[in-house]
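Single-structure report; data block below.
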Amino acid sequence: NSGVVCLLRPLLLDVVPSIRQTAALALGRLADYDVELAEAIVKAGILPQLIYSLPEENRYYKKTAAFVLRAIAKHSPQLAQAVIQCGALEMLVICLEDFDPGVKEGASWAFGYIARHNPELSQAVVDAGAVPLLVLCIQEPEIALKRIAASTLSDISKHSPELAQTVVDAGAIAHLAQMIPNPDAKLKRQVLSALSQIAKHSVDLAELVVEAEIFPVVLTCLKDSDEYVKKNGATLIREIAKHTPELSQLIVNSGGVAAVIDCIGSCRGSVRLPGIMALGYVAAHSEDLSMAVIVSKGIPPLCVCLLEEHEDHIKAAAAWALGQIGRHTAEHARHVAVANVLPTLLDIFVDTRSSEDLKTKATLKNILQKCTYLPALEPLLHEAPPSIMKHIIGQFSKVLPHDSKARRLFVTTGGLKKVQEIKAEPGSLLQEYINTINNCYPEEIVR
């Protein structure tokens, strides 16, 4: 409000280097503070002046100039575009080639803040020739530089398969994979994130990540004391598992499923989410892979998530994963039913506070269509809404005609009595199921 921005502008061209640098630092801190100040600095025409003499400047000024550019670019795609339009990318590339690691770090950071907004800005960073230089930066000895460069490669890769491919073509995967065992937690987070952003786009890219021999070393990250390392490790496994049965089988063979299950059991909240989804993707591919999740004792921790978690989207993921495990055969469904999870799913489904997404994931339909384990289904008879009742009655009508013991139990536990109370449309599928069940018994028992 005092007009400081306009007063700082001429100081960027002062003859004294320390004044130029301090003026730039002041502008950077103003821009960093909020979007309106960043816009005011752009409108004042300061950016061209800031980078006008950058190649000749000392390392301190270069670092500070990169800070100003990043502070402006971080707020919005429009401001990042303004940074590009003043010719900043060419200058930042010069900084990436600088001898000083701090200057490289500042430039990497600025590139990351520009690239993260959208595919067009990310493409501009690629076109400026930044990617090969960033891959060189992750090979430098300085940990801070490695972290920022890995983070920027992640931001570039996330938008599209084509952008991820440019990062792969620059040879990034091998260098990233080598850093998974690094003891620095912050570096590991960024490395795992970058590999996830590459692997998520396609089968080919996921296979390239796997071929860099990330298994079994990536499984150690699931036991890490840093929550974000755990989460990003599980996310990487999820992004690989989702593509094909073959990639999921590779995860199973390397002990990945057991490691993910342990991870879900040892943490809480959003850290669990990628692991939950990874189990769902593995189980969805085939009967054998689903059985691998069951044998590794994957169902109990998923049930715990349904009971413990408060966030709807985490519960929805657990309900979805259980559905993927139980949907293959009667045997798969029985394992889910025996875990006594069906009443919990039903409670979530009928709860008015549950989100639509959660209700959709907790419909029970996937499991009920295969479940012939009647002791688990019977309690549901007394509280299920009509949309689910049809599936439950359908399963009873399949099993009871062929199982005399089940028929006896069905009467003594009050199941048959409950069936008589259900009002079904004449001629409907539900009515057919009820008739099939009633036909299993003498008329006086039904009466």
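The values are calculated or read from the model by the stated rules, or taken from the named source; none is laboratory data. On a predicted model such as this, the values are computed, not experimentally measured, just so you know. No Cβ is skipped: glycine too gets one built from the backbone with ideal geometry, and neighbour counts run over all protein chains shown. Keep in mind that these areas ignore ligands, DNA and RNA; they rest on the heavy atoms of the full protein, side chains included. Shrake-Rupley method; radii C 1.70, N 1.55, O 1.52, S 1.80 Å.
Data overview
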read-out	value
Wholly within region 23-101, helices (runs of 4 or more DSSP H) carrying at least 2 residues that are closer than 28 Å to Leu136 by Cα and under 35 Å from the mean Cα position of the chain (by Cα)	59-73, 77-85, 88-96
Close pairs (7 angstrom Cβ cut-off, 6 or more residues apart or separate chains): closer than 14 Å to His175 by Cα in region 198-222, at pLDDT 95 or above and of a type in the set (Ser, Thr, Tyr) anywhere	Ile198/Ser157
Residue tally, condition more than 15 Å from Cys371 (Cα to Cα) and either open to solvent by less than 10 Å² (accessible area, probe 1.4 Å) or more than 25 Å from the chain's Cα centre (by Cα) (or both), over region 318-343	3
Matching residues in region 110-145 - criterion: being open to solvent by less than 30 Å² (accessible area, probe 1.4 Å) and within 19 Å of Ile180 (Cβ to Cβ)	Leu134, Val135, Cys137, Ile138, Leu145
Matching option when the condition is open to solvent by 10 Å² or more (accessible area, probe 1.4 Å) and under 24 Å from Asn118 (Cβ atoms), among Ser193, Ser157	Ser193
In region 361-389, the residues that are buried (at least 19 other Cβ atoms within 10 Å of the Cβ), in contact with a Leu (Cβ under 7 Å, 6 or more places away or on another chain) and not aliphatic (A, V, I, L, M)	Cys371
Test result for Glu311, among the charged types (D, E, K, R), in contact with a Leu (Cβ under 9 Å, 6 or more places away or on another chain), open to solvent by 10 Å² or more (accessible area, probe 1.4 Å) and in the same structural domain as Ser266 (by the TED database)	yes
Test: residue in region 258-276 that is under 16 Å from Asn366 (Cβ atoms), in contact (Cβ under 8 Å) with a residue 40 or more places away in the chain and open to solvent by less than 10 Å² (accessible area, probe 1.4 Å)	yes
Long-range neighbours under 9 Å by Cβ, at least six apart or interchain, first residue over 18 Å from Thr363 (Cβ atoms) within region 304-318, second open to solvent by 70 Å² or more (accessible area, probe 1.4 Å)	Glu308/Arg268; Glu309/Arg268
Test result for Leu187, assigned to a helix (DSSP H, G or I), over 17 Å from Gly275 (Cβ atoms), in contact (Cβ under 8 Å) with a residue 40 or more places away in the chain and over 19 Å from the mean Cα position of the chain (by Cα)	no
Test result for Ala71, crowded, with 20+ Cβ neighbours inside 10 Å and small (Gly, Ala, Ser)	yes
